[in-house]
Amino acid sequence: MKNIKVKIFGKLTDIFKAEEYSVDEVSTVSELQDRLEQTFPNLKTHTYLLVVNNEVVKKDESIPSGAEVALLPPYSGG
């Protein structure tokens, strides 16, 4: 069983009420996103990126064991 720890950033922490969240039994980015949106339906109304090991990934990519996963809200800069 693969346990994924997801680090939560920015305003998304308001949805999770935490800066970190653990998910069991997911192997792809798509599965992780689906699980998070089922558990936290308000997440569906936000724009965010799922980042695995500091890289933006496609939904069909697998999440390697021990990966660092982050949920990032949009950001702006100048």
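Each reported figure results from applying straightforward, stated rules to the coordinates on display, with no laboratory input. Keep in mind the model is a prediction, meaning the values are calculated, not measured. Virtual Cβ from ideal backbone geometry, glycine too; neighbours counted across all protein chains shown.
Quick look at the values:
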{"quantity": "Angstrom value of the Kirkwood radius, inverse mean 1/r, which spans all Cα pairs in the chain", "calculated": "12.6"}
{"quantity": "Contour excess over end-to-end distance, with Cα ends at Lys17 and Phe40 and 0.36 nm allotted per residue", "calculated": "7.2 nm"}
{"quantity": "Crossing angle, helix 29-39 versus the chain [Cα axis fit, 0-90 degrees, rounded to tens]", "calculated": "60"}
{"quantity": "Relative packing of 12-19, 41-48, which averages over residues the other C-beta atoms within 10 Å, highest first", "calculated": "12-19, 41-48"}
{"quantity": "Calculated FRET efficiency for the pair Asp60/Lys7, C-beta based, R₀ 25 Å, to 0.05", "calculated": "0.70"}
